[in-house]
């Protein structure tokens, strides 16, 4: 049986992924220069992983009959339409690093819940991989400037 702390932690992680910057950007189209459109694949991969994380967490929490409130996008995201991909990648790196910090803090709360801890560790691995991909893509965009 999942502990109340584990349920709260996973619910929080689901909400963080659901209203993340990558998920918001799935409803917009960043501005790209000719030749940089392929870098959108990095963003699309993040979106897919964030959707997967939410679905997986919700599935685990459904086993506990927990109702999950996923929340809404932060209002400051509404200022991010039509910005360059290079600029957005910088913001994405920043938000992913904050997500990593949140996930790591959550993992410390999950020491006694194996399933919840495994889910959170999977989210952590994806988030760290996204930072690496973003940094690589951002550096190649700067070279093209």
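Laboratory data are not the source of any read-out in this text; all were calculated from the coordinates shown. Predicted model only: the values in this text are computed from it and were never measured.
Could you work out which residue, out of 23, 75, 126, moves most in a Gaussian network model of the chain, that is, has the largest mean-square fluctuation with Cα springs under 10 Å? Checking each option, the largest mean-square fluctuation is seen for 75. Helix-only arithmetic for the chain: the sum of -39500 (n - 2.57) across DSSP H runs with n ≥ 4, divided by the residue total, places the mean residue ellipticity at 222 nm at -23000 deg cm²/dmol. Across the chain, C-alpha contacts under 8 Å between residues 6 or more apart give a mean separation that, scaled by the residue count, equals a relative contact order of 37 percent.
Which residue, 113, 49, 79, tops the fluctuation ranking in a GNM of the chain built on C-alpha contacts under 10 Å? Most flexible of the set in this elastic network: 79. Using only Cα atoms and rounding to the nearest 10 degrees, what angle (0 to 90) does helix 85-108 make with the longest principal axis of the chain? With both axes taken from Cα atoms, the answer is about 20 degrees.
Where a ≥ b ≥ c are the square roots of the eigenvalues of the C-alpha gyration tensor, would you call region 4-144 rounded, which needs a/c under 1.5, or, failing that, prolate if a/b is larger than b/c, or oblate? Don't jump to the answer; show the numbers that get you there.
Values: a/c = 2.58, a/b = 1.93, b/c = 1.34.
Prolate, because a/c is 1.5 or more and a/b exceeds b/c.
Against the main long axis of the alpha-carbon atoms of the chain, helix 4-18 sits at an angle near 20°.
Annotation for region 72-145 versus region 41-69: alpha-carbon center distance of 15 Å. Compared with the dominant principal axis of the Cα atoms in the chain, helix 114-144 is inclined by about 10°.
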